[in-house]
Amino acid sequence: MPLGLAFWDPSHRFVRENANLAAVNDVPPEAHVGRPIGELLAGLPPHVEDDIAEVFATGRTIDQREVVWTPPSS
């Protein structure tokens, strides 16, 4: 199963992501760097950015959190 994987900075901007995630929104991996999550992954459930903020604030991981997201149609 293809898995999208990304790393973000404390401002929720992309630092790096894999080709599977880049393919989801048809944006080359290098074009993600420095851009905010919401700009490239529109319609993401609100808890995702809250979860990322929590990880940066506490240093604790969030295990087994399922994210269901469907890219908006063009």
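The values are calculated or read from the model by the stated rules, or taken from the named source; none is laboratory data. It should be emphasised that the depicted structure is a prediction, and the values quoted were computed from it without experimental measurement. Glycine gets a Cβ as well: all are built from the backbone with ideal geometry, and neighbour counts include every protein chain shown. Only protein heavy atoms, including side chains, enter the accessible area calculation; ligands, DNA and RNA are left aside. Shrake-Rupley method; radii C 1.70, N 1.55, O 1.52, S 1.80 Å.
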Next on the checklist: Could you tell me how many of the residues in segment 1-18 are open to solvent by 90 Å² or more (accessible area, probe 1.4 Å) and in contact with a Gly (Cβ under 9 Å, 6 or more places away or on another chain)?
Outcome noted: 1
Next on the checklist: Every residue in segment 47-74 that is in a loop (DSSP other than H, G, I, E, B) and open to solvent by less than 100 Å² (accessible area, probe 1.4 Å), please.
Outcome noted: G59, I62, V67, W69, P71, P72
Checklist entry - What are the residues in segment 30-46 that are assigned to a helix (DSSP H, G or I), open to solvent by 50 Å² or more (accessible area, probe 1.4 Å) and modelled with pLDDT under 90, if any? => result E39
Checklist entry - Looking at (1) exposed (fewer than 12 other Cβ atoms within 10 Å of the Cβ); (2) assigned to a helix (DSSP H, G or I), which is the one condition that is false for L21? => result (1)
Next on the checklist: Looking at segment 1-30, I want the residues that are within 24 Å of V55 (Cα to Cα) and have a partner that is among the acidic types (D, E) and at pLDDT below 90 with Cβ atoms under 6 Å, at least 6 apart or on another chain. Which pairs are those?
Outcome noted: H12/E49
Checklist entry - Of these, R13, R60, which one is modelled with pLDDT of 90 or more and either of a type in the set (V, I, T) or within 11 Å of the chain's Cα centre (by Cα) (or both)? => result R13
